[in-house]
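Step one of this worksheet: look at the structure below.
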Amino acid sequence: MTGESDIQDRQLQGKGKTMSYEPIVPRARIGFVIPTSNRMIEPQMQRYMPPGVVPHFTRIRMTNKHKAPLEQLLPRIADAASMLAESRCDVTVLQCTGTSMSGGIDMEKRVIEEMQKATGRPAATAASSITAAFAALGARRLVLISETKQPDHEKKKNYLREAGYDVVADKAVGLAGTDEYCTMPPQLWFDTALSLRNGGADAYFISCANIHSIDAIEELESVLNKPVVTSNQAAIWRSLRLAGIRDAVPGLGRLLRHDADEAVAAE
């Protein structure tokens, strides 16, 4: 089947004239499988993706009353990824931090494998995007902040420890649920990170794809003088790099600058 990138100029004959049309082909299409309850991923991806990069979204039930073991969710995730593949997405991401971390390292790798089988293209999760970001930044000692109450916070901390990271300070903010996650302002995440300031940390990680933490990155980095990683920022970076796009994206901190192409970064 002919893909977008394979489409050639079409010439149409009409009334004795030859008309040539240039196809409109984006630089990349990025597909996101997101929870039905999430309200932050779509606006943040649409706001921060570089020109010519188009985000697409498919929602599935995986949070709140629909929460289930990752292995049980896997068929739904693979099916959602296959639907995004029909939109010619170059990369597909399961964008839910807690879900992607919930089964541990091996299960998370299996999710990526099944998504890649379903799409025939590169895939990632929130968890793999975050750990790839830490690796790129050379960060092993982390300050962890999450939106949840303590039990779910501990699951994230356990995932990071299993992945080989040292959590030197952490806090479960303990918000009541989805409605509160997506309405708390960036100042909450700024103040919480500042209260956990730790000279031994390599990076600060603010977890959750349904919060306004992305808007606190630049100011926090200027005060802490350390990289700040958030769930949606990491997914933007990872999906762009998997798609072969190395833009430096303004407003997203060191992560989106450190490995950008020099020509792009200088613009």
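Does residue 261 count as free of Cβ contacts under 8 Å to residues at least 12 places away in the same chain, farther than 21 Å from residue 62 by Cα and surrounded by fewer than 19 Cβ atoms within 10 Å (Cβ to Cβ)?
On the way: free of Cβ contacts under 8 Å to residues at least 12 places away in the same chain: no; farther than 21 Å from residue 62 by Cα: yes; surrounded by fewer than 19 Cβ atoms within 10 Å (Cβ to Cβ): yes.
So residue 261 fails the test.
Only one residue in 82, 129, 87 is at pLDDT 95 or above, of a type in the set (Ser, Thr, Tyr) and within 18 Å of the chain's Cα centre (by Cα). Which one? From the options 82, 129, 87, the qualifying one is 129. The single condition from (1) among the polar types (S, T, N, Q); (2) touching a Lys or Arg at 6+ places or on another chain (Cβ under 9 Å); (3) surrounded by fewer than 18 Cβ atoms within 10 Å (Cβ to Cβ); (4) touching a residue at least 40 places away in the same chain (Cβ under 8 Å) that residue 20 fails is (4).
Of everything in the range 23-35, what is out of contact with any His (no Cβ under 9 Å at 6 or more places or on another chain) and in contact (Cβ under 8 Å) with a residue 40 or more places away in the chain? Give them in sequence order.
Narrowing the range 23-35 to residues out of contact with any His (no Cβ under 9 Å at 6 or more places or on another chain): 23-28, 33-34.
Answer for the range 23-35, where residues must be out of contact with any His (no Cβ under 9 Å at 6 or more places or on another chain) and in contact (Cβ under 8 Å) with a residue 40 or more places away in the chain: 27, 28, 33, 34.
So that you can scan it fast, the table gives a plain yes or no per residue for (1) surrounded by fewer than 23 Cβ atoms within 10 Å (Cβ to Cβ); (2) closer than 20 Å to residue 189 by Cα:
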site: 82; (1), (2): yes, no
site: 92; (1), (2): no, no
site: 96; (1), (2): no, yes
site: 104; (1), (2): yes, no
site: 126; (1), (2): no, yes
site: 156; (1), (2): no, yes
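Would you mind stating whether residue 198 is at pLDDT 95 or above and surrounded by 19 or more Cβ atoms within 10 Å (Cβ to Cβ)? Answer is no for this residue. Can you find a residue that is over 17 Å from residue 110 (Cβ atoms), part of a strand (DSSP E or B) and touching a strand residue (DSSP E or B) at 6+ places or on another chain (Cβ under 9 Å) anywhere in the range 21-28? The answer is yes; a qualifying residue exists. Highlighted here are the helices (runs of 4 or more DSSP H) found entirely within the range 36-139 that include at least 3 residues which are in contact (Cβ under 8 Å) with a residue 40 or more places away in the chain and aliphatic (A, V, I, L, M): 70-85, 104-119, 126-137. Of the residues making up the range 19-41, one or more are among the acidic types (Asp, Glu) and at pLDDT below 95.
Taking the range 148-267 and the strands (runs of 3 or more DSSP E) fully enclosed by it, the elements with 3 or more residues that are among the β-branched types (Val, Ile, Thr) are at 228-230.
The values are calculated or read from the model by the stated rules, or taken from the named source; none is laboratory data. In this text, all values refer to a predicted model and were calculated from it rather than measured experimentally. Every residue, glycine as well, gets a Cβ built from its backbone with ideal geometry; the counts of neighbours run over all protein chains shown.
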